[in-house]
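S.K.: Got a structure for you, questions after.
The numbers here are math on the coordinates, done by the rules we state, and not lab data. Everything numeric here is computed off the predicted structure, so don't read it as measured data. Every residue, glycine among them, receives a Cβ derived from its backbone with ideal geometry; neighbour counts consider all protein chains shown.
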Amino acid sequence: MKAENTTRIQFDSLSINEAYARGAAAAFLARYDPTVPQLADLKTAVSEAVTNCIVHAYPDRIGPVILTVAVYPGREVHITVADKGIGIPDIPRAMEPLFTTGNPEERSGLGFAVMQSFMDKVKVTSKPGKGTRVLLIKRLTSRQSAT
């Protein structure tokens with residue numbers, strides 16, 4: 001299946017860029033006229049995925065984060081957040097609610113759970129030492145069917 005429209009941006013893993021990523025994804029998807037709740041869901045999931053890169057992928061340095069947004073036929077949105085960081089050695093464990101490799105006083109360990117609650121599907125691939133790729137999938141309903 002070929003995407004109808006895509007965009008791709010790369011930015012440094014700085015916390016100030018999380019809002020940029022969220023806004024860029026929202027601006028790109030606005031032309032598809034999602035409902036306000038759908039757009040909020042997408043922005044929240046992007047925020048969580050990008051924050052995971054910033055906090056976990058590059059714990060002691062700044063590295064690249066790549067955000068790709070693609071819209072497929074049937075208004076299916078694929079958002080990919082990828083990094084070239086340290087990777088995740090145990091994906092199922094990392095996706096467990098409340099599990100965190102960060103400081104437990106600062107991190108809740110709910111990032112993947114939040115993404116899963118707002119998206120139709122979340123797929124994570126990772127190779128230790130090579131990086132991680134998070135694919136967020138959501139089908140937009142039309143405004144007419146949402147009312």
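S.K.: At 0.36 nm per residue, minus the direct Cα-Cα distance, what do residue 120 and residue 3 gain on full extension? Give it in nm, one decimal, please.
M.R.: 40.3 nm
S.K.: Oh, and also: Output the peptides 3-12, 126-135 sorted from most to least packed, where packing is the average of other Cβ atoms within 10 Å over each peptide's residues. If you can, show how the numbers build up before the last one.
M.R.: On the way: 3-12: 13.2, 126-135: 17.2.
So the peptides 3-12, 126-135, ranked by packing, come out 126-135, 3-12.
S.K.: Here's another thing I want to ask about it. With a sphere of radius 13 Å drawn around the Cβ of residue 28, what net charge do the other residues whose Cβ falls strictly inside it have (Lys, Arg +1; Asp, Glu -1)?
M.R.: So the surrounding residues net to +2.
S.K.: For a quick protection proxy, order the peptides 65-75, 39-49 by their average other-Cβ count within 10 Å, most packed first. If you can, show how the numbers build up before the last one.
M.R.: Working: 65-75: 18.0, 39-49: 21.4.
With the highest mean Cβ count within 10 Å placed first, the list reads 39-49, 65-75.
S.K.: Let me ask something additional. Residue-wise, which Karplus ³J(HN,Hα) couplings in Hz belong to region 36-48, taking 6.51 cos²θ - 1.76 cosθ + 1.60, θ = phi - 60°, and x for glycine or proline?
M.R.: 4, x, 4, 5, 5, 4, 4, 5, 5, 5, 4, 4, 5
S.K.: Turning to a different aspect of this structure: Assuming R0 = 30 Å, what is the FRET efficiency of residue 30 and residue 62, from their Cβ-Cβ distance, to the nearest 0.05?
M.R.: Efficiency for this residue pair is about 0.55.
S.K.: On to the next question. Treat each spin label as a single point 7 Å out from the Cα along the C-beta direction, and report the residue 141 to residue 14 distance in nm.
M.R.: Output for this residue pair reads 4.0 nm.
S.K.: Same structure again: Could you work out the local net charge near residue 62, counting Lys and Arg as +1, Asp and Glu as -1, over the other residues with Cβ closer than 14 Å to its Cβ?
M.R.: It works out to a net charge of -2.
S.K.: What are the residues whose amide H is under 5 Å from the amide H of residue 4, where those residues sit 5 or more places off or on another chain and H is modelled from the backbone?
M.R.: The answer is 71, 72.
S.K.: Using a cut-off of 15 Å between beta-carbons, work out the net charge of the residues near residue 78 (Lys and Arg +1, Asp and Glu -1, residue 78 not included).
M.R.: +4
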